[in-house]
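Quick notes on the structure that follows.
The values are calculated or read from the model by the stated rules, or taken from the named source; none is laboratory data. All figures in this text were calculated on a predicted structure; none of them were measured in a lab. Cβ placement follows ideal geometry from the backbone for every residue including glycine, while neighbour counts extend to all protein chains displayed. These area figures cover heavy atoms from the full protein model, side chains too; ligands, DNA and RNA do not enter into them. Shrake-Rupley method; radii C 1.70, N 1.55, O 1.52, S 1.80 Å.
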Amino acid sequence: MDFAPALPTFFVTLREGVEAALVVGIVLACLNKAQQSQLNRWVYLGIGAGLLGSLLTGILIFNSVAQAQQALPTLEPIIEPLFDSLFCAIAIVMLSWMLLWMTRQARSLKGDIEGDVIAALQEDDAAGITIFSLVCIAVLREGIETVLFIFTSVEQSVTAAIGAAGGLLGATLIGLALFKWGVRINLRAFFQVMGVLLILIVGGLVISFFRNLDAAFLAISNFDPVNVDLCISQTSCILGPQLWDARDVLPDKAFPGVLLKTLLGYREQLFAGQLLAYLAFIITVGGTYFRSLGAGPTAQKSPSS
């Protein structure tokens, strides 16, 4: 089995999982400090509910697409790329927004969560539900982002599952190392490296988005070629001229091309529109991310100390 396609899923799940683990660890530490460890069960229930909600979201998305294709079999060539484009766009927006938001908010992350827990403890009977909701939302948010990424970028379900499981295991170990074993980890460096990787991986999603959109326009044109013609050429509808075709030199389904594809957005066939969109994304989102780093990206010192 080729494990290269599992790498993006692993990295995304690892990063999102560590973000959720930080929230869980801070909540547990705060409860222990307040001598309210009897509320820990609400934390674990929140983790389980968040994971279950993420899984159900993935099942709902898969079933919705399958039902739409079954209900309109003649439109399946159009529906599939349109759904791929839609979920790809949602994944790009969510992953990019959360990356930038976490980078800006991480400095105050620990204080904000501790404030929420302290406020919850003052609610007496409702404290457990409030803590459950805090943890569940954090885990569910990161889980849905991962599910969307898997749905839009991975074709091999077994490989995706392996990558996601590996990332989840890694995030769990990092969380235990920080909050249970007292290991000091430079989370600032970790999130900076993972942030750069995430930008490059999402940049690959941008390329896939335009390819899926182009495939949808091509399918629409082929559905009624007499009255509808949305393509500017036989090879592309909206992507412009082809810049290169390296299928014989560096195919993206074999090593090392598949590694370049999964991590850097490389494609054996690339069109001008895809390259322009990729560069625009890297410049705008990547530039914003690196500017945000100057503001001091993390509350990592507090959890690790």
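Given the -39500 (n - 2.57) contribution per DSSP H run of 4+ residues, what per-residue ellipticity at 222 nm results for the chain, rounded to the nearest 500 deg cm²/dmol?
Taking each H run of at least 4 residues, the total per residue is -24500 deg cm²/dmol.
Taking the accessible area of the chain, probe 1.4 Å, and keeping the other protein chains in place, the carbon and sulfur fraction comes to 66%. With loop membership from DSSP and a limit of 16 other Cβ atoms within 10 Å, the longest segment of the chain without GluC sites (Glu not before Pro) is 156-305. Quotient of the Cα radius of gyration of the chain and 2.2 N^0.38 Å, N being its number of residues: 1.12. Based on the Stokes-Einstein relation at 25 °C and a viscosity of 0.890 mPa s, and on the Kirkwood radius from alpha carbon pairs, the stretch 1-117 is assigned a translational diffusion coefficient of 140 µm²/s. The lysine pair count for the chain, using Cα distances under 16 Å and pairs eight or more places apart or on different chains, is 5. Positive-end ranking of 256, 152, 205 along the dipole of the chain, with charges on Cβ about the Cα centre, is headed by 256. Excluding ligands, DNA and RNA, the accessible surface per residue across the stretch 1-84 is 51 Å² with a 1.4 Å probe.
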